[in-house]
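Have a look at the structure below, then the notes.
Just so it is clear, none of the values below were taken in a lab; they were calculated from the coordinates. Here the structure is a predicted model, which means the values were calculated and not measured. Reconstructed Cβ throughout: ideal geometry from the backbone, glycine too, with neighbour counts over all protein chains shown.
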Amino acid sequence: MPTVVAADACRHARRQRLCVPIEEQGTSEIRGPVIDDTPLMQINGVGSFSDTMVTHVRNAKRCPLARKRQRRIRGLIRRGQRPWVPEMNEQAKHEAIVATGLTKWFGDGSTRTTAVNSVDFVAHFGEILFIVGPSGSGKTTLLSMISGILRPNAGTVSVNGDDIWTLNDDQLADFRLNTIGFVFQDYHLFPRLTSAENVAIPLILKHRDWKESITAAGKYLEVVGLKNRGEILPVKLSGGEQQRVAIARAIVGGPQILILDEPTASLDGDTGRMIIAFVKEKILDQNRCIVIVTHDARINEYADRIIHMEDGRITGLDKGTE
């Protein structure tokens, strides 16, 4: 997973000058990342448009009416205007993640091992969902597929209405940067960067000004209870404090989906419960979905729902016990 983060950083740096105003290109040719012949580009300071619009364009059928609609959308994009898109129904608005038939195996032939086998589930905005099970049950593999890190062999993942595994590598990198906040099991903080610099990384990848990014990082460190700790290196922080820095880094970009992989594995019981209680009380809101993978039954009380996994399959679904 750290390799994915490094690759994303290189990809964003490489694309810094890929999407530029047409006037600067000196041509009327449309350039930049394309979805179904529709460019996602920055025109006169207008950023990329909503995922809903992109989905609307991608799913347009190849018929005269659809082509006419696409030509109209392209014209709006060139003029820096936001196209109208239909409202989602109420149920779809609350569905953050929809996984259908997810399957992942490793190896071939007689050595093939199925890690996740035909898994279906839905996670909603405004809830904290636990995925629990013994080691080797496929929890982390499932997490990697719904967060755009590991491509499934079969099945689909829809995040906020968008099928993420129809995206190309650049679009997946944008998805991970802008939609997903990931807290790794071992934190993966850069040891030579200060706490504030670690938190600022997602903003720097979005080409935000350095000083502005560090200032924003300090505010998020304050949110997670680490005010005035921004200049300290991670090695000088406790395990619980490093976990909070990782959480601040995950939420600084305002992601809709926050994913935590075994967040209490390296913490004692009291610290682990304190961290998860903090996440539920301070980080969760009606516009965010939080998914936590764990085999630590001591924190189950903080879940709204609990999915049980074993041998790559979902074996049960419980409501939280709080």
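Which ordering of 311, 162, 120 is given by a fewest-first count of other beta-carbon atoms within 10 Å?
On the way: 311 14, 162 17, 120 11.
Exposure proxy ranking, most exposed first: 120, 311, 162.
Using a Förster radius of 35 Å, what is the FRET efficiency between residue 235 and residue 287 based on their Cβ-Cβ separation? Nearest 0.05, please. Don't skip to the end; give the middle numbers.
Numbers: r = 35 Å, r/R0 = 0.99.
The calculated FRET efficiency here is 0.50.
Using only Cα atoms, what Kirkwood radius does segment 184-322 have, in angstroms? Intermediate values should be presented prior to the final figure.
On the way: mean 1/r = 0.0633 Å⁻¹.
For segment 184-322, inverting the mean 1/r across all distinct Cα pairs yields 15.8 Å.
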Please identify every one of the trypsin sites (Lys or Arg not before Pro) in segment 89-167 that sits in a loop by DSSP and has no more than 10 other beta carbons within 10 Å of its own beta carbon. 112
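Take the residue pairs 104/206; 104/280; 104/139; 219/282; 219/280; 211/280 and return only those whose Cα atoms are more than 21 Å apart.
Result: 104/206; 104/280; 211/280 exceed 21 Å.
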